[in-house]
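These notes are about the structure you will find just below.
The values are calculated or read from the model by the stated rules, or taken from the named source; none is laboratory data. Bear in mind the structure is a predicted one, so any value in this text is a computation, not a measurement. Every residue, glycine among them, receives a Cβ derived from its backbone with ideal geometry; neighbour counts consider all protein chains shown.
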Amino acid sequence: MLLRHTTATEYKREALTINPAKTCQPVGAMYCALGVHGCLPHSHGSQGCCSYHRSALTRHYKEPVMAATSSFTEGSSVFGGQANLLTGLENIFTIYDPEIVAVHSTCLSETIGDDLPQIIGKARSEGKIPLGKHVIPASTPSYVGSHVTGYANMLKAFVSYFPETTGTKIDQLNILSGWVEPADMRELKRIVSMMGLNAVVLPDTSDVLDTPMTGKYKMYPDGGTTIPDMVSMGDSWHTIALGEFCTRDAATELENKCKVKFSMRELPIGLSATDRFIKALRRYGKVSVPKEVEDERGRLVDVITDMHQYLYGKRVALFGDPDHLVPLTQFLADCGMKPVYVVSGTPGKIFTPLMEKALNGRVPEAKIMNGERADMFQLHQWIKQEGVDLLIGNTYGKYIARDENIPFVRYGFPILDRIGHSYFPSVGYLGGIRLLEKILGVLMDKIDATCPESKFELVM
Ligand code: SF4
C-alpha cells in the first residue's frame, strides 16, 4: 500500500499540492530546443536544475541529452548570472560549436531578475557569439505553468527569431507540433508526405532522441528542424498548430510577424482528431485524401468495431498534459468508454471548455480539473470514492494502479519504467490502433487474471 494515506474523504485544500501532475518549465523548453538541428539547450541557473532537466529527458527517451548550464553559485544567486552566461557562451561556442544556443531561464534566474535578451546582446557586442551563430532566449520561470508552458515558450522564441518574409509565398505548410514523441513527429511527416504535401515541422525530435546505434557519437544528431527550414516558414501558405497549450502562442507570433495565417487543431490522437488534421491538410494543402490514408482510417474503425464489447462503458481515469488529454478523451468516448476523471497539472482556463467539447455531453458524470491544485492525490481520492476500470497517465500513475489494482496504460511524459513510447507513434490512424492495442491488452490481461475458471477463454 504505497499510497495508504490517501483517503476517499476530501478536505478543503488551498495551498497544498500533493503529487503534482506536471513537471517544471525548463524540461519542456529543453525538449523543444532539442527538436532544432544543431541546437544546444542552455539552462540559465544552477547545475542542479540543469541536471534535473537533462535526467528527466534522458530517463524518458533513454538517450543522452546534451545541455549546458550557467552553473550559478552563491555569488551569482545574489549578484546575478550575467558573468556566468557571458563566460558560458564563449566556452560553448569554442568547445562545442553549436549552430544555436537556446537559453532558458529557471526559477532562480527569474527571481533575481536576470534579463536574458540584455545579456545575450552584451555577449554579441563583446564578440562572444561568433558571426553566423545564434542565441535565443526564452523566459521559463517554473513557479508558473508547467513543462508544457516551457515547451510553448521555447517554441515561440524560435518563431520570434528565425522565420522571415521575402514577399514570395512558397508551396509549403508549417506544422507546429505540440509535445509528442519522436516517433509521433516522424509519423506526422509520413502523413504529410502521403498527402503529397511539403511541410516544415517545428520542432522535430525524430532522429534526435531516437537515433540508431551506429557506434559513432554525434553531439548534434542528424534530425531536427534546420535553420533554413525555420527561416522559410515566414513564406509558407499556412500554419497548422497542433495543441492549444503548446502551439497557440507560437502560431500567433508567426501570424503577427510574417502574416502567415494559422488554424488550431488538436494533436491528431484518435479517430476524430486525426480526421480533423487530415481535413486541415486537405483544405490548406488543396489536395485530396489518397486511398492509403483512407485505408489506414478504415483499419482503425475496424479495430474499434471489432473490440467494442471490451471497451464499451469502461470507466477511465486520465491524467497528464492538456494537449494529450483533450483528443485522447474524445477518442475514448468515441470508442464507447467513459472518461470519468481527467486531471492536468498544467493551468489554463481553456482546458475545461475544450474537454467539454471533446466529451460533447456523452459522460455527464465526468469530473475535470486542471491547474496547481489538480494533483494525483485528488485523482486518487476520486478513484477511491468510485472506482475505474482503467488508468491512463505517465509512470507516476503506477502507485495508484498498484494500490487500487487498476489496469494501467502508460501514456504521456515522463515514462520512466517502460520503453516503446518514443519508437511507436500514437498519433494518426496507426497511432490510434497502437493506443487501442495497449488499452485492450491491459483490460484483457485483467480479465484473464481474475475471471472464474469457467469463463477463462482461449479466444477472446
Ligand atoms: S522547479 Fe525551478 S528550481 Fe526546480 S529544477 Fe525546475 S527550474 Fe530548477
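Out of G81, G45, which single residue is at pLDDT 95 or above and within 27 Å of G348 (Cα to Cα)? Show your work before the answer.
Numbers: G81 fails: within 27 Å of G348 (Cα to Cα).
It is G45.
Go through the stretch 22-48 and report how many residues are within 11 Å of the ligand (Cβ to nearest atom) and either crowded, with 24+ Cβ neighbours inside 10 Å or of a type in the set (G, A, S) (or both).
12
Scan the stretch 100-136 for residues that are surrounded by fewer than 24 Cβ atoms within 10 Å (Cβ to Cβ), within 16 Å of the ligand (Cβ to nearest atom) and under 23 Å from the mean Cα position of the chain (by Cα) and jot them down.
Residue satisfying the conditions is C107 alone.
Just give me the residues in the stretch 72-128 being part of a helix (DSSP H, G or I) and of a type in the set (S, T, N, Q), in sequence order. Outline the logic, then answer.
Start the filter on the stretch 72-128 by keeping residues that are part of a helix (DSSP H, G or I), which leaves 74-79, 82-95, 107-111, 116-125.
Within the stretch 72-128, S76, S77, Q82, N84, T87, N91, T94, S109, T111, Q118, S125 qualify.
Residues to consider are A157, A152; find the one that is out of contact with any Leu (no Cβ under 9 Å at 6 or more places or on another chain), under 16 Å from H324 (Cα atoms) and modelled with pLDDT of 95 or more.
A152
Quick check on the stretch 50-65. Is at least one of its residues within 26 Å of F424 (Cβ to Cβ) and aromatic (F, W, Y)?
Checking the stretch 50-65: at least one residue is within 26 Å of F424 (Cβ to Cβ) and aromatic (F, W, Y).
Do we find a residue being in the same structural domain as K367 (by TED's automatic domain parsing) and farther than 30 Å from E372 by Cα anywhere in the stretch 314-334? Give the steps one after another, and end with the answer.
Step one: list which residues in the stretch 314-334 are in the same structural domain as K367 (by TED's automatic domain parsing), which gives 314-334.
Add one more test, that the residue is farther than 30 Å from E372 by Cα, and what stays is none.
The answer is no; no qualifying residue exists.
Results for (1) of a type in the set (A, V, I, L, M); (2) without any contact (Cβ under 8 Å) to a residue 60 or more places away in the chain, shown as yes or no for each residue.
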site	(1), (2)
V159	yes, no
T166	no, no
L173	yes, no
M213	yes, yes
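Within the stretch 221-258, which residues are of a type in the set (V, I, T) and not in a strand (DSSP E or B)?
T226, I227, V231, T247, T252
Give, as residue ranges, the helices (runs of 4 or more DSSP H) completely inside the stretch 358-460 that count at least 3 residues that are free of Cβ contacts under 8 Å to residues at least 60 places away in the same chain.
Once the helices (runs of 4 or more DSSP H) in the stretch 358-460 are filtered for at least 3 residues that are free of Cβ contacts under 8 Å to residues at least 60 places away in the same chain, what remains is 398-404, 428-450.
In the list S105, S55, S76, which residue meets the criterion of being closer than 25 Å to T205 by Cβ and free of Cβ contacts under 8 Å to residues at least 40 places away in the same chain?
S55
Of all residues in the stretch 332-354, count the ones that are farther than 25 Å from Y11 by Cβ and touching a strand residue (DSSP E or B) at 6+ places or on another chain (Cβ under 7 Å).
Qualifying residue count for the region: 6.
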